[in-house]
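Report on one structure; see the data block that follows.
The values are calculated or read from the model by the stated rules, or taken from the named source; none is laboratory data. Bear in mind the structure is a predicted one, so any value in this text is a computation, not a measurement. For neighbour counting, all protein chains shown are included, and Cβ atoms are generated from backbone atoms with ideal geometry for every residue, glycine included. When the accessible area is computed, the model is the full protein with side chains, heavy atoms only, and any ligands, DNA or RNA have been set aside. Shrake-Rupley method; radii C 1.70, N 1.55, O 1.52, S 1.80 Å.
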Amino acid sequence: MRKALIAGNWKMNTTPDEAKNLVRVILNELNNSDDVEILLCPPYISLLSVKELLRGTSVKLGAQNMYFVDKGAYTGEISPLMLSDLCDFVILGHSERRQYFFETDEMVNKKLKKALEYGLKPILCVGENLKTNEAGKTKEVVTAQVTAGLTGIKPTKELVIAYEPIWAIGTGKAATGRQAGATIGLIRSIVSGLWGGGTAEAVRVLYGGSVTGSNITEFITEPDVDGALVGGASLKASEFVNIINQTAKLKQAL
Ligand code: PEP
């Protein structure tokens, strides 16, 4: 059985002090539960201090991005080598990276390969924009993104995929559980076609896009949805912990 994963993507929020405070409050409010894997993805400059605070807990640490070269003259970039001793996970191909920093499927694919080479668990983000959704082309776009993202990559159960429809990110207008479940089912079938059913059954696929404590049940009760990538709501400790607690309760009941 796949373990649920609730990941908090803090994006470009929190100063170093705010990041430490947020972690302390989250840890303070968390109940011990082995039913859900918890992941925090703070800004790069807080990774070290957050790692210190997470020591001795089961909460995992992730980066929000990375470059696909080990080291060299790439001013301002962070390499997989730098992250490998620090992080468990790395978010790759987030729609904000694709939209504002012009990341292509080819770049995301190179990053995935590097992340795996360095023992980082990649969270590959895919999802359609509003226009594509309204044109009924979600299936085509998501299929193309997953296929391109996984090109040349050997089957691995360490991969996580996050289905994040762009129209749902930060808008307060989440997909319905049924919509998320259907697209995530499609994603699993694409992975099955590429890597075989055994691996596809083990790969976790998350939903992301305006997840809160009020709608998490809808997603977690979908059999193919293995958790959530949470943006805005992960910056509020009690809301984030509420999402985790509800997920744990639902998973225990399954
Ligand atoms: C995200 O950043 O991946 C995200 C899903 O954001 P939000 O939860 O704020 O929509």
Quiz item: Would you call residue 180 assigned to a loop (DSSP other than H, G, I, E, B) and at pLDDT 95 or above?
Solution: no
Quiz item: When the residues of region 1-17 are filtered to those that are more than 13 Å from the ligand (Cβ to nearest atom), part of a loop (DSSP other than H, G, I, E, B) and not hydroxyl-bearing (Ser, Thr, Tyr), which remaining residue is most open to solvent (accessible area, probe 1.4 Å)?
Solution: 1
Quiz prompt | Residue that is at pLDDT below 95, farther than 19 Å from residue 60 by Cα, assigned to a helix (DSSP H, G or I) and away from the ligand (no atom under 15 Å from the Cβ), where the choices are 194, 250, 186 | solution = 250
Quiz item: Among the candidates 121, 113, 137, which residue alone is open to solvent by 20 Å² or more (accessible area, probe 1.4 Å) and farther than 22 Å from residue 198 by Cβ?
Solution: 137
Self-check item: Scope region 65-80; condition open to solvent by less than 70 Å² (accessible area, probe 1.4 Å), in a loop (DSSP other than H, G, I, E, B) and not small (Gly, Ala, Ser); matching residues
Solution: 65, 66, 67, 68, 69, 70, 78
Quiz prompt | Residues (away from the ligand (no atom under 14 Å from the Cβ), under 16 Å from residue 37 (Cβ atoms) and part of a helix (DSSP H, G or I)) located in region 208-243 | solution = 220, 241
Quiz prompt | Every residue from region 145-183 that is surrounded by 15 or more Cβ atoms within 10 Å (Cβ to Cβ), away from the ligand (no atom under 15 Å from the Cβ), farther than 20 Å from residue 224 by Cβ and of a type outside the set (Val, Ile, Thr) | solution = 148
